[in-house]
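Novice: Got a structure here, written out as C-alpha cells. Questions coming.
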Amino acid sequence: MNYWNTIDELKKACEGSLEIDGDSLIIKDESRFRNESTEKLVWNAVFSGNEEVQNVSRWIIWEASQNLGCPSSSIHDLYMSRADDFWKDMTVPAINIRGITYDVSRTIFKTLKKHNAAACIFEIAKSEMAYTDQRPSEYVTCVLGAAIREGWKYPVFIQGDHFQTNIKKFATDPESEKSIIKDLITEAAAAGFYNIDIDTSTLVDLTKPTTAEQQKLNYEVAAEITKHVRSCEPKGVTISVGGEIGEVGSENSTPEELIAFMEGYNNTLGTGITGISKISIQTGTSHGGVPLPDGSIAEVALDFDVIDKLGDLARKQFRFGGVVQHGASTLPESSFDNFPKHQAIEVHLATGFQNTIIDSTNFPKNLKTEIYEWLDKNCASEKKPDQTNEQFYYKTRKKAFGVFKRKLWSLTDNTKGAIMSELARQFDMLFSKLGISDKAELINKYVTPTAVHHAFPKTGQDTKVALEVDDNPNAD
C-alpha cells in the first residue's frame, strides 16, 4: 500500500473519486471512491508518517460516511424504546476489535448484511486504546471506512468501552483521575464515539456496612461524568451512556445494588439531564475467560436469573433499556441464545476474536513466535510463579497488538482472507443466536442519525490526551 507524504499526493491518488471544496467533501464517483480510494485513505489514516495526511484522510472518511448513508450514531433511542416493550428477544453484540481493525470490521459488516441485521456495536476500551495503539479518531476511521467499502446503508454504532477509573490512582488524586476520563470522553466524542460506557464500578467499596454506602462513590462519579458526556454532545445527538454496578470477575450483582446505584445516580444527576440507557452487571463471567494450565478455558456458571431480575427492574422501575453482559466471547456456543431469551440488551465480546486470529492455523508461525518472544522480554514481570507458559501468553498477548500492528495489517491477502473466514463463522453463529437477524428495520424505526459535519482539519490540530495501560485485569 502506498504512503502519501503530502496532501497534494493524497488528492492526486484520489483524483476523479472525490473533490475537497473548503469544509465540504464531494464524492464525484461513488463506485470508484468505495472500491479504490477508501482502503488507501484508511491505510494512510493509520500509517502515514505525515500527521496532516493522517488527519485529512480521517476527515474524508468521516465526511464520506455522512454523505453515503453510514454515519456514526447513538443507539440510545433503540435502547430506551426497549423500556416500553416496543421490541424484545434481541441482544446487541458489542465487539471489541484489537487488531486488523479495518479487515475485521469489513467482515462484520459483510456478515450483518448476510443476516439482514444492523444492531451491532463496534467498541474499544480505554485500556485497549493504549496497548493496541488505536486512538479514537483512528478507530472511527477504520470502522467507518469498512462500512463505506462494504456499501453499508445503516447507522454505525461506535462505543467507548470501560472508560474506567483506576482505584489506586483515584484514592490518591480523585480529581486528576476524573479529569483523565473526562478528557478522553472529550476526544472520543469529537472523533465520533456516540456511545460511551462509564465504568466507575472500581469505586464500589464492599467493606461499607450498607449497599447504598458501597455504591456511593460509584454513582456519584458516574453522574458527574455523565454530565460531562452531555456537555460534549454534538447538536442533535444524545450519546448512549452505560453505567456499571459491579466489576466483572467479582460477586454477582443484586437487585439491592441496582436500586442503590440508580436511586443515588438519579438524585445526583438531577432533573433535566438524560441518564444512562443500560447498565452492566456481573453474572459469573470473567473478562477473557480463565485460562487453565494447558491454555484451555475454564467453564463458568452463568446466572441468567440475575439478568432476568435486574433487567426487569431496570425497565419497569427505572425506565431504561436493561442490563449488559460482559466477558462473554469465550463462553460455549450453547450459551449465546440464552441472552435474548433472558432479555439482556447487550453483550460484550472481545477475547474470543483475538484468540481466533492468533491461534488460527493460518496465522504465520514465525510471527507468533516473534510475538511470544516479545512477551517474554517485555512482560516477564507479569508472569506469576504458578503460571504455565500457556497461561502467561494467553493473559498477556493482547498487549502485542499495538507493537505488531503494521505487521498484522500487512499479512498477505490470502492469510487475512483465511483468518477473516474463521471470524465470519463466529459472527455468523453469534448474530443468529443473539436474535439480531432479520431485524435491520428496527434500527431505521428507532434510530434517526443526526448529520454531524467536521471542519477541514487545521495544520497542527491535536486533541489527544495521555493514555496509560490500565493495570486492572478486568478492564476489558
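The values are calculated or read from the model by the stated rules, or taken from the named source; none is laboratory data. Because the structure is predicted, anything quoted here is derived from the model rather than measured. In this analysis, Cβ positions are derived from the backbone assuming ideal geometry, glycine residues included, and neighbour counts consider all displayed protein chains.
Novice: What is the residue count in region 307-322 for residues that are touching a His at 6+ places or on another chain (Cβ under 9 Å) and crowded, with 18+ Cβ neighbours inside 10 Å?
Specialist: Final tally of qualifying residues: 3.
Novice: Within region 210-217, can one find any residue that is surrounded by fewer than 22 Cβ atoms within 10 Å (Cβ to Cβ) and farther than 19 Å from residue 265 by Cα?
Specialist: At the first step, the residues of region 210-217 found to be surrounded by fewer than 22 Cβ atoms within 10 Å (Cβ to Cβ) are 210-214, 216-217.
Those still in the list that are farther than 19 Å from residue 265 by Cα too: none.
The answer is no; no qualifying residue exists.
Novice: Consider region 154-166. How many of its residues are in contact (Cβ under 8 Å) with a residue 60 or more places away in the chain and β-branched (Val, Ile, Thr)?
Specialist: If we filter region 154-166 for residues that are in contact (Cβ under 8 Å) with a residue 60 or more places away in the chain, which is where we start, we get 154-159, 161-164, 166.
Those left that are additionally β-branched (Val, Ile, Thr): 156, 158.
Result for region 154-166: 2.
Novice: Something else: Please list, ordered by first then second residue, the pairs with beta carbon atoms under 6 Å, 6 or more apart or interchain, first in region 331-344 and under 8 Å from residue 307 (Cβ atoms), second of a type in the set (Gly, Ala, Ser).
Specialist: The qualifying pairs are 343/311.
Novice: Residue 57 versus (1) under 17 Å from the mean Cα position of the chain (by Cα); (2) surrounded by 24 or more Cβ atoms within 10 Å (Cβ to Cβ): which is the lone unmet condition?
Specialist: (1)
Novice: For region 19-49: of the residues being outside any helix (DSSP H, G or I) and within 27 Å of the chain's Cα centre (by Cα), which is surrounded by the fewest Cβ atoms within 10 Å (Cβ to Cβ)? Even if it seems obvious, please write down each step before you answer.
Specialist: First pass over region 19-49, keeping only residues outside any helix (DSSP H, G or I): 19-29, 48-49.
Within this subset, residues satisfying the condition of being within 27 Å of the chain's Cα centre (by Cα) are 48-49.
Working: 48: 21, 49: 10.
Ranking the candidates gives 49 first.
Novice: Give the residues of region 157-196 that are touching a Lys or Arg at 6+ places or on another chain (Cβ under 8 Å) and not hydrophobic (A, V, I, L, M, F, W, C), sorted by residue number.
Specialist: Those that are touching a Lys or Arg at 6+ places or on another chain (Cβ under 8 Å) and not hydrophobic (A, V, I, L, M, F, W, C): 160, 161, 162, 164, 165, 176, 177, 187.
Novice: Right, next: Which one of the conditions (1) at positive phi; (2) assigned to a helix (DSSP H, G or I) does residue 69 fail to meet, given that it meets all the rest?
Specialist: (2)
Novice: Among the residues of region 339-353, write down those that are within 10 Å of residue 434 (Cβ to Cβ), part of a helix (DSSP H, G or I) and not hydrophobic (A, V, I, L, M, F, W, C).
Specialist: 340, the sole residue that qualifies.
Novice: Would you pick out the residues in region 365-390 that are loosely packed, with under 15 Cβ neighbours inside 10 Å and among the basic types (Lys, Arg)?
Specialist: Once the filter is applied, which keeps residues that are loosely packed, with under 15 Cβ neighbours inside 10 Å and among the basic types (Lys, Arg), region 365-390 yields 365, 377, 384.
Novice: Report yes if residue 244 is within 22 Å of residue 139 (Cβ to Cβ) and either modelled with pLDDT of 95 or more or not assigned by TED's automatic domain parsing to the domain that holds residue 138 (or both), otherwise no.
Specialist: Against the criterion (within 22 Å of residue 139 (Cβ to Cβ) and either modelled with pLDDT of 95 or more or not assigned by TED's automatic domain parsing to the domain that holds residue 138 (or both)), residue 244 qualifies.
Novice: Let me ask you something else. For residue 56, which of the numbered conditions (1) without any contact (Cβ under 8 Å) to a residue 60 or more places away in the chain; (2) of a type in the set (Val, Ile, Thr); (3) farther than 26 Å from residue 398 by Cβ fails to hold?
Specialist: Of the numbered conditions (1) without any contact (Cβ under 8 Å) to a residue 60 or more places away in the chain; (2) of a type in the set (Val, Ile, Thr); (3) farther than 26 Å from residue 398 by Cβ, the odd one out for residue 56 is (1).
Quick grid of which residues meet (1) within 19 Å of residue 59 (Cα to Cα); (2) of a type in the set (Val, Ile, Thr); (3) out of contact with any strand residue (DSSP E or B) (no Cβ under 6 Å at 6 or more places or on another chain):
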| position | (1), (2), (3) |
| --- | --- |
| 99 | no, no, yes |
| 106 | no, no, yes |
| 113 | no, no, yes |
| 125 | no, no, no |
| 135 | yes, no, yes |
| 138 | yes, no, yes |
| 143 | yes, yes, no |
| 146 | yes, no, yes |
| 155 | yes, no, no |
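Novice: List the number of the failed condition for residue 396; all other conditions in (1) out of contact with any Asp or Glu (no Cβ under 8 Å at 6 or more places or on another chain); (2) in a helix (DSSP H, G or I) hold.
Specialist: With (1) out of contact with any Asp or Glu (no Cβ under 8 Å at 6 or more places or on another chain); (2) in a helix (DSSP H, G or I) applied to residue 396, the lone miss is (1).
Novice: So, in region 81-105, of the ones that are basic (Lys, Arg) and surrounded by 23 or more Cβ atoms within 10 Å (Cβ to Cβ), which residue ends up nearest to residue 132 (Cα to Cα)?
Specialist: Result: 98.
Novice: Counting only residues that are touching a Ser or Thr at 6+ places or on another chain (Cβ under 6 Å) and over 20 Å from residue 237 (Cα atoms), which one in region 144-163 is surrounded by the most Cβ atoms within 10 Å (Cβ to Cβ)?
Specialist: Per the criteria, the residue is 145.
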